[in-house]
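Where a number appears in this text, it was derived from the coordinates with a stated rule and is not lab data. What you are looking at is a predicted structure, and each value in this text was computed from that prediction instead of being measured. Every residue, glycine as well, gets a Cβ built from its backbone with ideal geometry; the counts of neighbours run over all protein chains shown.
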Amino acid sequence: MTDTDTSYLRPLMHELVAAYLLGDPARVAEVADRIEDSGRIPDVLTEANRYGENLSGRFDCTGDPVSPEFIGAGIRARLATVLSPHEELAAMAALDDFAATRDKPPHTTPAPGSIGAMLLLHVAAAGIAELGTRVFGPTEFTPERVASIADLASEEPYDCIEP
């Protein structure tokens with residue numbers, strides 16, 4: 001394993017996404033605490049970004065392309081379900097700050113352990129839950145299937161099953 005290999009952190013990211021799918025605030029908090037305690041928040045965020053990019057390259061159940069830009073309301077709704085209002089607002093502010101600085105040099109990204117990085121991870125997990133639900137359908141993108149669906153290549157076809 002190389003220093004840049006973060007694949008061993010995928011199960012933590014999958015657990016966080018699953019907790020968002022369930023809309024379970026206690027589970028989200030417990031998994032987030034474990035990620036924070038690991039000291040590897042930016043690395044788990046990297047894994048979440050890879051997963052989100054894979055989902056963004058697909059089409060939703062209606063055949064429309066999916067993109068994080070078009071699912072903001074769904075992300076906000078998932079965040080509101082599990083985070084306190086203060087944390088929800090802070091998460092959205094962290095996303096706005098990240099979007100404003102992502103084209104700047106690396107030193108402008110959130111520092112390890114910073115509140116911004118953890119909040120971005122919450123946004124990423126809620127985004128993956130929303131994207132996955134739209135791409136695969138709510139009956140297919142379940143907490144039990146988050147990890148196996150993550151392993152599908154973005155160009156691999158998958159038939160969406162709507163409820």
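Highest mean packing first, where packing is the average number of other Cβ atoms within 10 Å per residue, the peptides 18-29, 79-90 line up as 18-29, 79-90. Across region 72-87, coupling constants 3J(HN,Hα) worked out from phi with the 6.51/-1.76/1.60 Karplus curve, θ = phi - 60°, read x, 5, x, 5, 4, 5, 5, 4, 5, 5, 10, 9, 5, x, 5, 5 Hz, and Gly and Pro carry x. Label separation (ARG34 vs LEU89): 3.2 nm, computed from points 7 Å beyond Cα along the C-beta direction.
Ranking GLU144, GLU30, GLU15 by Cβ neighbours within 10 Å, fewest first, what do you get? Don't jump to the answer; show the numbers that get you there.
On the way: GLU144 8, GLU30 14, GLU15 21.
Ordered by Cβ neighbours within 10 Å, fewest first: GLU144, GLU30, GLU15.
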